[in-house]
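S.K.: Pasting a structure here, questions to come.
We did not get these values from a lab; they are worked out from the coordinates using the rules stated. Note that the structure is a prediction, hence the values are computed from the model and not measured. Here the Cβ positions follow ideal geometry from the backbone for every residue, glycine too, while neighbour counts run over all protein chains shown.
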């Protein structure tokens, strides 16, 4: 199955559809076009299929970067963040970055590029034959491995995760060249189905025959295409080179190796396809004695050896923010989460058995009105406090309810593979208590986004039958405002217990009521992908604040877990809210790259502009990002925070590019209603 091309009318253009990933990308033309199939010989990068059209110009429907190469692959220009670019007539390959699939243009003409965060226009100096090529990212698993309840079999299965790598060079640090690992399913016999073959990388990982040790090395084994084998002492082997892994703290040792090797691959690859001035390389290079030009052509085993010769303490200050830590209870069933941990290059920990003592999340104080219709003040049961993490997200895979982390299950993570990109988004806001109507303003917040057609419905005082029908419908997001008890969600005529449903069609949800975690867990069990719930009693006023801010963050493309962390970083009831299900899911895509939080601080007349990105499933670790601020174009990795000094005028201009949240004076503001003079 290859990408397909269809004609667009009103506006004119070409639509590219990827039937594998079920995504689409539109190119608008200034006049009608008639696509003709053509060969792929004109393209520098590999593509699946191509057509040609005749047009004087093309326009994208989103802001993106454009990289221009000559027909030999040499970079001759780029347009990032709306920068204009003009090139004389010649043969060019144009790469359109951060699209839903890989899209390239091949032309023999002059080229003029201009645009902003909303769209990019590409002109060719008159009617020109333009070849349009596409390649599927093909990020769905290519096979399934059934794993019996044996440590040796688990080692064999984890050794095959690297079969998804599309290259064993440092370029695999690009997400589009990694691919999703095959699924792992617990079963009785070891079987492999699909296209699953481990690459020959010359790398082995020895670990003791303990399930938790195999789980903790899984993402590293995937990224290195390594063979995982038994060994008395854990170590990494690469063509005669041996690197000891700390047996007393294996997960931390593995995390350091994964971060160091991946990061140095990202720096080394600047000698390859994309020769950009990466900020991380600029800051790292004076501290290390590495010849990145020669490293680029070295074997994977040789690269690993030379990378790990550098002390971790030298590399650590330059590392990007890591996306996620996964705490995984090492049961046989949980082997199914390892492909998803590997896909996100998660730092995996297998914590000891949780302390049986209960942690009581303290409710908001000084509140006379709680979102709980009962007088029960009992603490939530089976609540644990995981060890803190330094990553952006924290996932708990176990029976308990974690404070400060999302609770995922193998089934909820698998549902991300079934997500169909949508341009029609349905949101239902339900408020079943007149005293909470202040929060139903979220109905006006959801849907204020271009490129999406929203259907936002606000419901008041639903009966149990009406609410049941809504939960069984196919809505994309439910925002519930009301009372919750252990018996169910309050309706006009009683309580509705989600356990009564056979299944739910609600994709994501926010149950903004007291102790809603049990009802939320049941929604995920019944088929939902992800939701926000509470562990304790919550006061009406802080709940309203959290509800409205979360709605706006979700509407701007923040993943559920990231949106909640942004809100709770500046709101008091942070111990009450958590994610159930797959917290990496988003309601809509960000307009351009990873969503960001801006953190400005005035210093001696100038302003320190901190820009903190939040990587998503579509902009994972290794994605190249471009930031234009203060006349400077900064190339960095998609999860690396940026801090730069600017004047007020430059920051005002940056605020105008796109509506983004601003964290200032322990509160969340937004660029569209904040004056720089307030900083």
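S.K.: Starting from the Cα of residue 91, move 7 Å in the Cα-to-Cβ direction to define the label point; list residues of region 100-132 whose amide nitrogen is under 17 Å from there.
M.R.: 105-111, 129-132
S.K.: Modelled label-to-label distance, residue 75 and residue 675, 7 Å Cα→beta-carbon offset: nm?
M.R.: Modelled inter-label distance: 4.1 nm.
S.K.: Which distance in Å, rounded to a whole number, links the C-alpha centroids of region 1-58 and region 460-521?
M.R.: 43
S.K.: Which shape class, rounded, prolate or oblate, goes with region 4-135 when its Cα gyration tensor gives a ≥ b ≥ c as root eigenvalues, a/c under 1.5 marks rounded, and past that a/b bigger than b/c marks prolate?
M.R.: Rounded.
S.K.: Okay, next question. Grab the beta carbon distance between residue 569 and residue 352, set R0 = 35 Å, and tell me the FRET efficiency rounded to 0.05.
M.R.: E(calc), rounded to 0.05, equals 0.80.
S.K.: Subtracting the Cα-Cα distance from 0.36 nm times the residue separation, let me have the gained length for residue 246 to residue 385 in nm, one decimal.
M.R.: Between residue 246 and residue 385, full extension yields 47.5 nm more.
S.K.: Applying a 10 Å radius around every beta-carbon, put 61-68, 29-36 in order of their mean neighbour count, most first.
M.R.: Per-residue Cβ counts within 10 Å, averaged per peptide and sorted highest first, yield 61-68, 29-36.
S.K.: Of (i) 18, 50, 31, 2; (ii) 16, 43, 32, 9, 0; (iii) 17, 47, 30, 6, 0, which is the value of P(r) over Cα pairs in 20 Å bins from 0, in percent derived from the coordinates here?
M.R.: Among (i) 18, 50, 31, 2; (ii) 16, 43, 32, 9, 0; (iii) 17, 47, 30, 6, 0, the one derived from this structure is (i).
S.K.: OK, next. How much length would be gained if the chain were fully extended between residue 285 and residue 492, taking 0.36 nm per residue of separation minus their Cα-Cα distance, in nm to one decimal?
M.R.: Gain on extension, residue 285 to residue 492, equals 68.1 nm.
S.K.: What's the exposure ranking of 71, 677, going from fewest to most Cβ atoms within 10 Å?
M.R.: 677, 71
S.K.: Would you mind ranking 504, 659 so that the residue whose beta carbon has the fewest other beta carbons within 10 Å leads the list?
M.R.: 659, 504
S.K.: Let me ask you something else. How far apart, in nanometres, would the label points at residue 83 and residue 633 be if each is projected 7 angstrom from Cα along the Cα-to-Cβ direction?
M.R.: Roughly 0.2 nm, to one decimal.
S.K.: Relative to the present Cα-Cα distance, how much length would full extension add between residue 461 and residue 129 at 0.36 nm per residue of separation?
M.R.: Once the chain is fully extended between residue 461 and residue 129, it gains 113.6 nm.
S.K.: At 222 nm, what helix-only mean residue ellipticity would the chain give, in deg cm²/dmol to the nearest 500, using -39500 (n - 2.57) for each DSSP H run of four or more?
M.R.: -5500 deg cm²/dmol
S.K.: Which of the peptides 478-484, 426-432 is most tightly packed, and how do the rest follow, judged by the mean count of other Cβ atoms within 10 Å per residue?
M.R.: For the peptides 478-484, 426-432, the packing ranking is 478-484, 426-432.
S.K.: Using a basic spin-label model with each label point 7 Å from the Cα along Cα→Cβ, how many nm lie between residue 297 and residue 40?
M.R.: 2.7
S.K.: Do you know the relative contact order of region 596-678, to the nearest whole percent, from alpha carbon pairs under 8 angstrom that are 6+ apart?
M.R.: 30
S.K.: Same structure, new question: Provide the FRET efficiency to the nearest 0.05 for the residue 192-residue 151 pair, computing r from the beta carbons and using R0 = 25 Å.
M.R.: 0.90
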